[in-house]
Amino acid sequence: MTRKIKAFTDSRTTEVKKAREPKEAWKKCRLAVAKLIADRGHSAAQIAHRMGVSRQTVFNYRDMVRSGGIQALFTRRSSPGRRPIVEGKTRRTFQLWLKRGNHRTLGRATAWVHRHTKRKLTPSGMRKLLARLGARVGYRIDGYPIILAFPTTGPK
């Protein structure tokens, strides 16, 4: 027999039971888990099986409600992601150089980025960076990649 999950305090239980039904599916699932915990008659394994989540997720949701209430349960944490290689003043300078036509080959553009950021890019990484900046990359007849055009107004 599995042990029962420790429920919320009375004020948190009232808050969970009075919560309005959200529209998003992930919020509905979280609220349903919280309501089952507030009912105090189910184990973590029973709640997990019924809702299709893991036992650890049940405990995570319980801890979220305990620490910050329903609003904490409806808040998703997101990772900041990787910082762009070329950003800020360096990005604006690079775009200006591209617009002037100073970098006609990927090799020169890659060297410029390496000089200014100390980061080495592969040819495919450089093509992705140029595409994000709005440049068009093409190939010469011999297969050598070149920067064809850079729009005067592009993504910021």
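With charges set only on the Cβ (+1 for Lys and Arg, -1 for Asp and Glu), what does the dipole of segment 10-73 come to about its Cα centre, in debye to the nearest 20? For segment 10-73, the charge dipole is close to 100 debye.
Within the P(r) computed for the chain, what percentage of the Cα pairs occupies the region above 18 Å?
Working: 8067 of 12090 pairs.
In whole percent, the long-distance tail amounts to 67.
With contacts taken as Cα pairs under 8 Å and at least 6 residues apart, segment 1-128 reaches a relative contact order of 20 percent.
Extending 7 Å from Cα along the Cβ direction at Ser124 and again at Asp142 yields two label points whose distance is 2.5 nm. Rounded to the nearest 10 degrees, the angle from helix 123-133 to the longest Cα principal axis of the chain is 80 degrees.
Projected label points at Ala111 and Asp39, each 7 Å from Cα along the beta carbon direction, are separated by 7.0 nanometres.
Distance from a point 7 Å along Cα→Cβ of Phe59 to each backbone N in segment 13-40: keep the residues under 17 Å and list them by number. Under 17 Å, as judged by backbone N against the label point of Phe59, lie 34, 37 of segment 13-40.
What residues qualify as long-range amide H neighbours of Val137, i.e. H under 5 Å apart, gap of 5 or more or another chain, H built at 1.01 Å from N? Result for Val137 returns Leu148. Toward the positive end of the charge dipole of segment 88-149, with +1 on the Cβ of Lys and Arg and -1 on the Cβ of Asp and Glu, the farthest Cα among Thr90, Thr105, Leu148 is that of Thr90.
Using a cut-off of 31 Å between Cα atoms, the listed pairs Lys23/Lys128; Lys6/Lys28; Lys99/Lys120 include Lys23/Lys128 as exceeding that distance. Other residues with beta-carbon under 13 Å from the beta-carbon of Arg20 carry, at +1 per Lys or Arg and -1 per Asp or Glu, a net charge of +3. The angle between the Cα long axis of helix 106-117 and the longest principal axis of the Cα atoms of the chain comes to about 60 degrees, rounded to the nearest 10.
None of the figures in this text is laboratory data; all of them are computed from the coordinates on show. Computed from a predicted structure; not experimentally measured. Please note: Cβ atoms are built from the backbone with ideal geometry, for glycine as well, and neighbour counts cover all protein chains shown.
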